[in-house]
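Peer 1: I have a structure here, written as C-alpha cells, and I will follow up with some questions on it.
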Amino acid sequence: MIDWLKSGNCAVITGGGSGIGLAAAQRFLEAGMDVLIADANESALTQAEGALQRHGRRLLTQHCDVARLEDIQALKVTADTAFGRVDCLMNNAGAAVTRAAPWEDLAGWRRQLDINLWGIVQGCHVFVPDMLRSPSPVAVINTGSKQGITNPPPGYAYNLSKAGVVNYTQSLAHALRQIDQCPVSAHLLIPGFTYSGMIARHIPEKPAGAWSTDQVVDYLLDALARGDFCILCPDNDTPRELDARRIRWNADDLILNRPALSRWHPDHAQAYAAFVADVPLTPRE
C-alpha cells in the first residue's frame, strides 16, 4: 500500500510531458490524485494534456526548465494555489546534452549538470520544506540512471550528472531519517533500458530489449508499496543479477585498484566476461 497514492492527494511531476513522467501521471490520475506536470517542451505538454485520461481529476500543465530556480519556484506557486499541498514530488526531468570528452564543451557539461542534477537539488529545496509539515505521509521520487552507477563511456557528462543524483538522493533519505516522525520519504528510481521519448528520437520502433514506460511505472509502484529506497529496474535484456554484478565490478575497481572503468579495458575484458558468464538472462515474452 502507498499511503499518499489516493483520491484527493496531489502530485507534481517534472519531465511529465512524455516518457516515464507521463506514464506516472496517468497512474496517479487513475488513483484519484490531482496532477501538475511540468516540462520544458511546450509541444509535449500540449500532447500530454490531450492524451491523459483524467478520471474526473484536475490536471494542470506548466512550462518549466528545471535548470532555472525561478521556474521551479513558479511551479510551487501553481501547486500551492491549485492544490494547497504536494503529496508526491517526482523529480523526473532529465536530458542527454553532450557526449564530449572531460576537457571539452564546458557549456555542455554545465548544462548537463544544471538539468539532471541541479534540477533535482532545486526541486527538493523548493518543495521539501513545506512537505516536511505534512500531517500524513508524502514522498519524493528522484529519477537517476544506471549510468550514474556504472559510468559507461563515452557519456561522461551524463554519467556525472546521474552519479550526483544517486549521491544526493542517498543524502536526502538519510537526512530525512534524522527527523523524528518525518512524513517525507525519499526514493531513487533507476530505470533500465526504457523506450521513452529520449530513445524514440533515435530509434523509431521499440527494441525488444526495452521496457515500456508503463512497465517501469508498474515496477516503481510495487517497490514504493514495499517501502524500497533504491528502485533498480530490470528490462528485457538485463535481469537484476546482471545489474548487481556490473555495480559490484565497478565498485571493485576502487577496492582492487584496477584501471578506471576496467569493464571497458582490454586487459580486463576476459575477467569481466567470466564474472558475469553465469548470470541467467531474462526470457523475453
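Peer 1: Condition (residue is modelled with pLDDT of 95 or more and touching a strand residue (DSSP E or B) at 6+ places or on another chain (Cβ under 9 Å)) applied to region 245-259: is it met by at least one residue?
Peer 2: Yes: region 245-259 contains one or more residues that are modelled with pLDDT of 95 or more and touching a strand residue (DSSP E or B) at 6+ places or on another chain (Cβ under 9 Å).
Peer 1: Working only within region 248-272, note down all residues that are without any contact (Cβ under 8 Å) to a residue 40 or more places away in the chain and in a loop (DSSP other than H, G, I, E, B).
Peer 2: Leu256, Asn257, Arg258, Pro259, Ala260, His265
Peer 1: Name the residues in region 6-20 that are in contact with a Ser or Thr (Cβ under 9 Å, 6 or more places away or on another chain), over 14 Å from Leu224 (Cβ atoms) and assigned to a loop (DSSP other than H, G, I, E, B), would you?
Peer 2: Across region 6-20, the qualifying residues are Gly15, Gly16, Gly17, Ser18.
Peer 1: Would you point out which residue out of Gly32, Gly21, Gly50, Gly16 is at pLDDT below 95 and small (Gly, Ala, Ser)?
Peer 2: Gly50
Peer 1: Quick one: which residue in Val12, Val77, Val97 is surrounded by fewer than 17 Cβ atoms within 10 Å (Cβ to Cβ) and either among the β-branched types (Val, Ile, Thr) or not assigned by TED's automatic domain parsing to the domain that holds Arg133 (or both)?
Peer 2: Criteria check complete, one pass: Val77.
Peer 1: Looking for something surrounded by 17 or more Cβ atoms within 10 Å (Cβ to Cβ) and farther than 24 Å from Gly119 by Cα - is there at least one such residue anywhere in region 206-214?
Peer 2: Yes - at least one qualifying residue is present in region 206-214.
Peer 1: Here's another thing I want to ask about it. Before we move on, is Leu59 aliphatic (A, V, I, L, M), surrounded by fewer than 21 Cβ atoms within 10 Å (Cβ to Cβ) and touching a helix residue (DSSP H, G or I) at 6+ places or on another chain (Cβ under 7 Å)?
Peer 2: Yes: the conditions hold for Leu59.
Peer 1: Okay, moving on. Please verify whether region 31-53 includes one or more residues that are in contact with an Asp or Glu (Cβ under 6 Å, 6 or more places away or on another chain), free of Cβ contacts under 8 Å to residues at least 40 places away in the same chain and in the same structural domain as Cys88 (by TED's automatic domain parsing).
Peer 2: Scanning region 31-53 turns up at least one residue that is in contact with an Asp or Glu (Cβ under 6 Å, 6 or more places away or on another chain), free of Cβ contacts under 8 Å to residues at least 40 places away in the same chain and in the same structural domain as Cys88 (by TED's automatic domain parsing).
The values are calculated or read from the model by the stated rules, or taken from the named source; none is laboratory data. Every value quoted in this text rests on a predicted model; they were computed, and no experiment measured them. Note: ideal-geometry Cβ built from the backbone for every residue, glycine included; neighbour counts use all protein chains shown.
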